[in-house]
1. Using only the alpha carbon atoms of segment 109-166, find the Kirkwood hydrodynamic radius as the inverse mean reciprocal pair distance, in angstroms to one decimal.
2. Sort M26, M174 from largest to smallest accessible area, using a 1.4 Å probe on the heavy atoms of the protein chains.
3. Using the membrane-span-like helix rule (whole DSSP H runs, Cα extent along the own axis of at least 30 Å, mean Kyte-Doolittle hydropathy at least 1.6), which helices of the chain qualify?
4. Is the shape of segment 274-329 rounded, prolate or oblate, going by the alpha carbon gyration tensor and its root eigenvalues a ≥ b ≥ c, with a/c under 1.5 for rounded and a/b larger than b/c for prolate?
5. Given the alpha-carbon gyration tensor of segment 102-249, what are the semi-axes of its equivalent ellipsoid in whole angstrom, ordered largest first, with each equal to the square root of 5 times an eigenvalue?
6. Compute the signed sum of charges (Lys and Arg +1, Asp and Glu -1) over the other residues within less than 9 Å, Cβ to Cβ, of A257.
7. Please report the antiparallel percentage of DSSP beta bridges with both residues in the chain, rounded to the nearest 5.
8. Give me the percent of the accessible area of segment 48-152 that comes from carbon and sulfur atoms, probe 1.4 Å, all protein chains in place.
Amino acid sequence: MPTAPLSPSPGTSRLERLIWLLAAVMVAVFLTCLHLTTTAPFKLTTFHRLVTFNAVEPFQHRVLLPAIVAGLQVYLPLGEKLLFGLLEIGGWVVLIVLAYRALVLFEIGRYDLMRRVLAFTVVIPMFMHLIAPDLQLVSAFVADNERFDVGTWQPRALFYYVYDLPAALFVFAMTLTLARYARAPARRYMALYFLLFMIGTFNRETTVFMLGFFLLLFATRMPWHRLALLLIVQAALFVAIQWPLNWLFADNVNPNAQLVGTQYENHFIANLVLLSNPLYLLTFVARFAAGLYLPVLLWHRSLDRRLAMALIGFGLPLIFFALLAGRVQEQRIFIEVVPLIWLAAMQVISARGATAQPLEQGAYASDRPVAVPLPAVDARERPDPAR
């Protein structure tokens, strides 16, 4: 049946882009103020101890932001809390911009303005992991005066660690860079990835899990000898950065360290015990990535291969390590994987919408001619020159 001519997808004017950027800054200021006022640093990793390089390990050798703030204080008469806050504002803005670029890369959303609006939704799961307090169940239920009632439930503020948001940004940016390289191989993308990998390793050692993602993504896309060489280079860079930092701060002993031969803590059994409480487990799974893992699991067949490799190669090892060395009450320990789950959810929802739309339109096709907008194209359906 003939249809009316399609109008081009609306773009975004300069004024709209400016308003979008200003909105991103306002959201960033709000989230930073909320983060700084509802959380506090751990007593052994206060802002002052970090910038004087006196915090305990392994927190102190995550030195990127403390070094930046210490350097700025040489020239600026500003306190540590203000400087870390200003850096966090910039981090939230970068997160929203990266989210928009991710939606463009994976062709999610029908037009540019829609993608810019959707990009703001990335802050929701990030908020759930960085800012929203944990729910402490002192006593889940009580029986009082022959009545069954709710017990003592208390919100418990999270700790503030300066490297959490930057860690998520570096992993997000590296994932997008590798996804772009897999689609259209160019040396500049690989060079950018290595630059982000090196800088991100100064921020937190979880960049090592990118090697698993790198291996899975390119196992069938490049010769094995080249893949092995690139993995060796990454491993060498990681050791070259992390070993001197560990040596430099070896005297910053962590009194809570329990993993033999390291400065890391062991919370694995305690985490399993905590998650064995059905009510707490329910709150944990509801909070994790704001539940966005559900559409990913439900519609995993529609998941872009590049995102699938990121979740398997990077996300699963990170989650296991976080459960081993981190406290599950602080869901910030999973923060690097949160933007990846958000993007995967956006991608599968978009892919499912694109396949379901023709059926919905067909139900009304016999009524009258209508203008049908083109459905979003799944990135996997496009020919991949890297294959």
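1. Working: mean 1/r = 0.0666 Å⁻¹.
Mean inverse Cα-Cα distance, inverted, gives 15.0 Å.
2. On the way: M26 130, M174 0 Å².
Listed by decreasing accessible area, they come as M26, M174.
3. For the chain, where a helix must reach 30 Å along its axis and average at least 1.6, the hits are 80-105.
4. Numbers: a/c = 3.29, a/b = 1.46, b/c = 2.25.
Judged from the Cα gyration tensor, segment 274-329 comes out oblate (a/c at least 1.5, b/c at or above a/b).
5. 40, 24, 15
6. -2
7. On the way: 9 of 10 bridges.
So the antiparallel bridges amount to about 90 percent of the total.
8. 65
The values are calculated or read from the model by the stated rules, or taken from the named source; none is laboratory data. A quick note: this is a predicted structure, and the numbers were derived from the prediction, not measured. Note: ideal-geometry Cβ built from the backbone for every residue, glycine included; neighbour counts use all protein chains shown. Each accessible area value is taken on the protein alone, full model and side chains, heavy atoms only, with ligands, DNA and RNA left out. Shrake-Rupley method; radii C 1.70, N 1.55, O 1.52, S 1.80 Å.
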